[in-house]
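Here's the structure we're looking at; comments come further down.
The numbers here are math on the coordinates, done by the rules we state, and not lab data. Given the structure is predicted, the values throughout are model-derived calculations rather than measurements. Every residue, glycine among them, receives a Cβ derived from its backbone with ideal geometry; neighbour counts consider all protein chains shown.
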Amino acid sequence: MNFPAELKYTKDHEWVRLEGNVAFIGITEFAQRELGDIVYVDINTIGKDVAHEEVFGTVEAVKTVSDLYMPIAGEVLEMNTDLDTNPELVNSDPYGKGWMVKVAVSNAADFDGLLSADDYQALIGA
């Protein structure tokens, strides 16, 4: 499995890439493997402020639906619209084209509290 060192991770299996004051957020390779084939991503919080650890959407796999938890507080700027027609991007490229939302960060301190790649690997026993 891949654990890019430049990303931060959550215990709920989301990842965060910070670019200035904008965070890109998705689910980890571990999470998408556990869920199976992703068939739908539902983000209903675009334009809304979402608190740290609040649900910002759901991801649907063939056998289950799972909540997505906001790893860093802020306003959801946009969803990756490629997922509307190609939700399988989450499975094939979770850290690249499979990102889910862009967020304007309101509390940068949330980022400091996230897990490093090594800490995340230890959490999942990789």
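Along the axis of the charge dipole computed for the chain (Cβ charges of +1 for Lys and Arg, -1 for Asp and Glu, origin at the Cα centre), the listed residues HIS13, ALA117, MET100 are led at the positive end by ALA117. The aspartates and glutamates whose alpha-carbon is closer than 17 Å to the alpha-carbon of LYS63, local same-chain residues fewer than 8 away aside, are GLU34, ASP37, ASP42, GLU88. Net charge of the neighbourhood of LYS97, taken over other residues with C-beta under 12 Å away and scored Lys/Arg +1, Asp/Glu -1, is -3. Cut-off 10 angstrom, C-alpha nodes, Gaussian network model of the chain. Which of GLY20, GLY74, GLY98 fluctuates the most? The residue that fluctuates most here is GLY20. Cross-link partners of LYS8 among lysines, defined as those whose alpha carbon lies under 21 angstrom from its own and excluding same-chain residues fewer than eight positions apart: LYS97, LYS102. Residue order for TYR40, TYR9, TYR95, fewest other beta carbons within 10 angstrom first, comes to TYR40, TYR95, TYR9.
From its DSSP helices (H runs of at least four residues, each -39,500 (n - 2.57)), the chain gives a residue-normalised ellipticity at 222 nm of -4500 deg cm²/dmol. In terms of surrounding Cβ atoms within a 10 Å radius of their Cβ, MET70, MET79, MET1 rank from fewest to most as MET1, MET79, MET70.
Based on Cβ point charges of +1 for Lys and Arg and -1 for Asp and Glu, what charge dipole magnitude is obtained for the chain about its Cα centre, in debye rounded to the nearest 20? Numbers along the way, then the final one.
Details: 8 positive and 23 negative charges, 22 e Å.
Rounded to the nearest 20 debye, it is 100 debye.
Ranked for footprinting exposure by Cβ neighbours inside 10 Å, fewest first, GLU19, GLU60, GLU29 give GLU19, GLU60, GLU29.
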